[in-house]
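Trainee: I am attaching a structure below and will ask some questions about it afterwards.
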Amino acid sequence: HVRVSVNVSPAQLLFEEFVHVLRRALQHSRLRADRLEVEITETALLESSDTPRTVLNAIRALGVGVAMDDFGTGYSSLSLLQGFPFSRIKIDRSFVGGLGEDRKSTAIVRSVIGLCESLGIPVIAEGVETATQREALATERCGELQGFLFSRPVPSYSLGAWLAN
């Protein structure tokens, strides 16, 4: 039931060979494709060529998810939502950090969640560090939360024990 998320650089999306590398990694690790999600930032999609779109469509065809990381911090997020095959949107921590203290942060988070709900795209809020933020996100019906409130980063060798807890 655990999903593995991997950050992908803009440079990797410029080479169609990246899809073959990803396929080999899935075969080698024996991880089901639907349990892998690549995370990209808006910067990766601002390239003028069609290659990033082609690569992302091929990644989705493998069954791998594609999440837009740091949503809301770039220039063209809304047009990217319309034109790329995202399986998840991650609300940037800069908006989550103000929840419960800044009405503008709350309005932005509420709007992003509502927009994504309308588009049928799940949302994850990153940078959740306080119970107040967790409660505010629950009130706004945010489906997934990520941050130090739940766990600090753990080394891969101790992940099994962490998951067992």
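The values are calculated or read from the model by the stated rules, or taken from the named source; none is laboratory data. Keep in mind it's a predicted model, so treat the numbers as computed, not measured. Quick reminder, even Gly has a Cβ in these numbers, built from the backbone with ideal geometry, and neighbours come from all protein chains shown. For the accessible areas, the whole protein counts, side chains as well, though only heavy atoms, and no ligand, DNA or RNA atoms are used. Shrake-Rupley method; radii C 1.70, N 1.55, O 1.52, S 1.80 Å.
Trainee: Scanning region 116-155 for residues that are part of a helix (DSSP H, G or I) and of a type in the set (Val, Ile, Thr), which turns out farthest from VAL96 (Cα to Cα)? Walk me through how you get there before you give the answer.
Mentor: Just the residues of region 116-155 that are part of a helix (DSSP H, G or I), to begin with: 116-119, 131-139.
Now drop any that are not of a type in the set (Val, Ile, Thr), which leaves 132, 139.
Details: THR132: 10, THR139: 13 Å.
Filtering region 116-155 for residues that are part of a helix (DSSP H, G or I) and of a type in the set (Val, Ile, Thr), the one farthest from VAL96 (Cα to Cα) comes out as THR139.
Trainee: I'd like to know if region 147-163 contains one or more residues that are within 19 Å of VAL4 (Cα to Cα) and surrounded by 18 or more Cβ atoms within 10 Å (Cβ to Cβ).
Mentor: The answer is yes, given that some residue of region 147-163 is within 19 Å of VAL4 (Cα to Cα) and surrounded by 18 or more Cβ atoms within 10 Å (Cβ to Cβ).
Trainee: Which of (1) under 24 Å from GLU144 (Cβ atoms); (2) in contact (Cβ under 8 Å) with a residue 24 or more places away in the chain does GLU16 not meet, given it meets every other one?
Mentor: (1)
Trainee: Please indicate, with yes or no, whether at least one residue in region 139-158 is small (Gly, Ala, Ser) and more than 30 Å from ARG30 (Cβ to Cβ). Walk me through it before giving the result.
Mentor: Step one: list which residues in region 139-158 are small (Gly, Ala, Ser), which gives 143, 147, 151, 156, 158.
Checking which are more than 30 Å from ARG30 (Cβ to Cβ) leaves us with none.
Looking for residues that are small (Gly, Ala, Ser) and more than 30 Å from ARG30 (Cβ to Cβ), one finds none in region 139-158, hence no.
Trainee: State the number of residues belonging to region 64-84 that are open to solvent by 30 Å² or more (accessible area, probe 1.4 Å) and within 16 Å of SER5 (Cα to Cα).
Mentor: Total satisfying the criteria: 1.
Trainee: Does any residue of region 33-41 turn out to be over 24 Å from VAL154 (Cα atoms) and at pLDDT 95 or above?
Mentor: Within region 33-41, not a single residue is over 24 Å from VAL154 (Cα atoms) and at pLDDT 95 or above.
Trainee: Name the single residue that is nearest to VAL38 (Cα to Cα) among those in region 66-95 being part of a helix (DSSP H, G or I), aliphatic (A, V, I, L, M) and free of Cβ contacts under 8 Å to residues at least 40 places away in the same chain.
Mentor: This residue is LEU80.
Trainee: Here is a follow-up. Can you find even one residue in region 42-55 that is closer than 15 Å to VAL4 by Cβ, surrounded by 13 or more Cβ atoms within 10 Å (Cβ to Cβ) and in contact (Cβ under 8 Å) with a residue 12 or more places away in the chain?
Mentor: First, pick out the residues of region 42-55 that are closer than 15 Å to VAL4 by Cβ: none.
No, every residue in region 42-55 fails to be closer than 15 Å to VAL4 by Cβ, surrounded by 13 or more Cβ atoms within 10 Å (Cβ to Cβ) and in contact (Cβ under 8 Å) with a residue 12 or more places away in the chain.
Trainee: Only one residue in ALA58, ALA33, ALA11 is more than 14 Å from the chain's Cα centre (by Cα), open to solvent by less than 70 Å² (accessible area, probe 1.4 Å) and without any contact (Cβ under 8 Å) to a residue 12 or more places away in the chain, so which one is that? Explain how you work it out, then say what you get.
Mentor: Values: ALA58 fails: without any contact (Cβ under 8 Å) to a residue 12 or more places away in the chain; ALA33 fails: without any contact (Cβ under 8 Å) to a residue 12 or more places away in the chain.
Every option except ALA11 fails the conditions.
Trainee: Continuing with the same structure: What's the total number of residues in region 94-108 that are of a type outside the set (Gly, Ala, Ser) and buried (at least 17 other Cβ atoms within 10 Å of the Cβ)? Even if it seems obvious, please write down each step before you answer.
Mentor: The first filter runs over region 94-108 and keeps only residues of a type outside the set (Gly, Ala, Ser), leaving 95-96, 99, 101-104, 106, 108.
Retained after the next criterion (residues that are buried (at least 17 other Cβ atoms within 10 Å of the Cβ)): 95-96, 99, 106, 108.
Residues flagged as of a type outside the set (Gly, Ala, Ser) and buried (at least 17 other Cβ atoms within 10 Å of the Cβ) within region 94-108 amount to 5.
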